[in-house]
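See below for the structure under consideration.
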Amino acid sequence: MLPIVDDVATRPRLPSWLRVNLPPGRPLAILNATQGAIAEHGLHTVCEEARCPNLNDCWSRGTATFMIAGKECTRGCRFCSVETSRKPEPPDPRESQELAAAVERMGLSHVVITVVNRDDLPDGGANHYKQCIQAVHERLPHVTVELLSSDFAGDESALQHLLTKSPLTVFAHNVECVPRLDQVVRDPRASFDQSVQVLRRAKQIRDDLWTKSSIMVGLGETDDEIVDAMRRLRDADVDMLTLGQYLAPGRPGERYLPVDRFVTPDQFATWADDARGMGFRGVASGPLVRSSYRAGVLLEEARSTKGL
């Protein structure tokens with residue numbers, strides 16, 4: 001699956017390291033089986049909704065990142081292709097069981113669940129997210145669960161409810177970009193400081209959790225700003241970090257930002273070294289890396305560096 005390119009006049013040609021192709025043979029069969037499992041249970045994936053360039057790679061390995069609480073987000077960030085609505089449909093009460101069934105059918109050992117922002121709900125969706133986590137654990141207690149969470153608009157009571165007695169292994173929340181670009185890139189209700197505080201509080205509420213965040217590059221930041229953002233995340237005791245290239249999901253214009261630069265694989269490798277030097281226990285850094293990229297492998301890396 002190629003990253004979407006809409007018009008050569010509005011975008012520079014993609015460098016060779018950003019071109020991907022369908023897998024051949026058995027991996028293609030696994031990809032189709034993954035697609036079938038997702039469709040059968042009426043689920044959504046962030047792989048599809050966010051037009052992830054790694055969809056073919058991940059699905060051909062039998063992995064996918066499920067997106068719960070609907071496919072419409074109450075926020076309108078300028079990097080994201082997920083549909084926006086002020087008042088989405090209520091969360092599907094059957095979703096938790098359908099999710100658990102799909103995870104079982106796919107034979108996953110580590111599942112990533114991501115969410116849309118639900119600012120329209122009193123608890124920001126926290127209780128629905130918790131029900132989905134619990135349903136997977138009750139059906140498949142051996143499966144480790146990672147949640148890529150919203151920020152609940154900074155509501156600590158919602159975060160507390162989500163995490164208390166929750167069978168969660170990894171709590172992830174993305175800062176998305178460097179602080180200076182918040183107002184350009186993210187919805188006005190989000191900010192780097194608020195996101196860092198959510199990550200910090202998650203670790204304070206549950207010190208047994210692994211925490212994780214992600215930064216996109218190619219939005220107008222400098223290399224020094226990336227290093228500073230990494231340092232601020234590590235100061236909040238974040239364990240795992242991913243860094244990847246921003247690719248505009250649609251035509252740059254009113255909503256989607258244009259790509260400012262294509263960062264080389266060598267620079268991503270330098271940032272990975274910097275991050276490990278700061279003390280991050282799991283790091284994935286590369287042009288095609290996304291926040292849930294090979295999440296189970298990253299968790300194993302983090303565990304191994306801690307001697308677990």
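Compute the distance in nm between two label points, each set 7 Å from the Cα along the Cα-to-Cβ direction, one at N127 and one at R201.
Calculated label separation equals 1.9 nm.
Enumerate the calculated ³J(HN,Hα) couplings along the range 212-219 in order (Karplus 6.51 cos²θ - 1.76 cosθ + 1.60, θ = phi - 60°), each rounded to whole Hz, writing x wherever the residue is Gly or Pro.
8, 8, 9, 10, 8, 10, x, 10
Taking the Cβ-Cβ separation of K306 and R86 as r and a Förster radius of 30 Å, what is the calculated FRET efficiency to the nearest 0.05? The partial results should precede the final answer.
On the way: r = 43 Å, r/R0 = 1.43.
My answer for the efficiency is 0.10.
Can you pull out the GluC sites (Glu not before Pro) in the range 198-255 whose DSSP state is coil and whose Cβ has at most 13 other Cβ atoms within 10 Å?
Filter output for the range 198-255: E254.
Going by amide H atoms built from the backbone, whose H comes under 5 Å of the H on T114, apart from near neighbours?
It is F66, M67, I68, L148, by chain and number.
Determine, from the Cβ-Cβ distance of T264 and V184 and an R0 of 35 Å, the FRET efficiency 1/(1 + (r/R0)^6), rounded to the nearest 0.05.
Working: r = 23 Å, r/R0 = 0.67.
With a Förster radius of 35 Å, E is 0.90.
Evaluate E = 1/(1 + (r/R0)^6) for R255 and D193, where r is the Cβ-Cβ distance and R0 equals 35 Å; express this FRET efficiency to the nearest 0.05. Kindly include the intermediate steps, with their values, before the conclusion.
Working: r = 24 Å, r/R0 = 0.69.
Once the sixth-power term is evaluated, E becomes 0.90.
Given the Cα-Cα distance of T222 and A153 and 0.36 nm per residue of separation, how much length would full extension add, in nm? Each step should come with its number before you reach the end.
Values: separation 69, 0.36 × 69 = 24.84 nm, distance 2.76 nm.
Computed gain between T222 and A153 is 22.1 nm.
Each reported figure results from applying straightforward, stated rules to the coordinates on display, with no laboratory input. The model shown is predicted, which means the values in this text are computed figures rather than measured ones. Please note: Cβ atoms are built from the backbone with ideal geometry, for glycine as well, and neighbour counts cover all protein chains shown.
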